[in-house]
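What follows is a short report on a single structure.
The values are calculated or read from the model by the stated rules, or taken from the named source; none is laboratory data. Small disclaimer: the values here were computed from a predicted structure and weren't measured. Cβ atoms come from the backbone with ideal geometry, glycine included; neighbour counts cover every protein chain shown. For accessibility, only protein heavy atoms count, side chains too; no ligands or nucleic acids. Shrake-Rupley method; radii C 1.70, N 1.55, O 1.52, S 1.80 Å.
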Amino acid sequence: HGVGKSSLVHLLCQNQVLGNPSWTVGCSVDVRIHDYKEGTPEEKTYYIELWDVGGSVGSASSVKSTRAVFYNSVNGIILVHDLTNKKSSQNLYRWSLEALNRDVAPTGVLVTNGDYDREQFADNQIPLLVIGTKLDQIPETKRNEVLTRTAFLAEDFNAEEINLDCTNPRYLAAGSSNAVKLSRFFDKVIEKRYLSRDGNQIPGFPDRKRFGGGTLKSLHYD
């Protein structure tokens, strides 16, 4: 709770700051229009659904089974954490395993020092993106330390990383490195949905300029 998922989704879909964010109960859905391979002859336009899954308190099996409803047919996952809260970042490991493994016991994943085996994510076929929020609340004197730590976090997930302040759209300004990372991630989501592993087009792949669908989930574990 409280990491800024809803504010992030609103910014991604509406390109506006969410003025009065509230707790997400269950799941809310918003839609982003994305130009796949923008600026190339292969450019196509898609609707991408972003499913904002609430980080319910606790990890009881009943809570997990409720969240599992939203994991079906996922084509991409954004792992959202609060840069001001180290525990929030660490909990992404548990959350990612829940989402990727449908709550299967993580045999062979945990090692003795409490870290997670990177090989768990090396073979993952679902695109992952790690986004840290509340960057503006990190003092300049501690920012380098925090961002170094989260860079290792993203590396563990074999994912790209974006750090931002959801109350300032400039962090996702067109042409910025964050915008490029985001676009590249959404391209992977679309490819996950419409292209086979060998790169061949799956039957039903939309024609140029027709709208297709992808499903993306924005997740955080308390």
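Before moving on, here are some points about what is shown:
- Annotation note: of Ser59, Ser89, the sole residue that is modelled with pLDDT of 85 or more and small (Gly, Ala, Ser) is Ser89.
- Complete set of residues in segment 157-187 that are part of a helix (DSSP H, G or I), open to solvent by less than 40 Å² (accessible area, probe 1.4 Å) and touching a strand residue (DSSP E or B) at 6+ places or on another chain (Cβ under 7 Å): Asn178, Leu182, Phe185, Phe186, Asp187
- Counted residues, segment 118-142 - those being in contact with a helix residue (DSSP H, G or I) (Cβ under 8 Å, 6 or more places away or on another chain) and either closer than 20 Å to Phe186 by Cα or surrounded by 14 or more Cβ atoms within 10 Å (Cβ to Cβ) (or both): 14
- Residue pairs meeting the criteria (Cβ under 8 Å; at least 6 apart or on separate chains; first of a type in the set (Asp, Glu), in segment 140-156; second loosely packed, with under 15 Cβ neighbours inside 10 Å): Glu155/Arg118; Asp156/Asp115; Asp156/Arg118
- Every listed requirement among (1) open to solvent by less than 40 Å² (accessible area, probe 1.4 Å); (2) at pLDDT below 75; (3) not basic (Lys, Arg) is met by Gly114 save one, (1).
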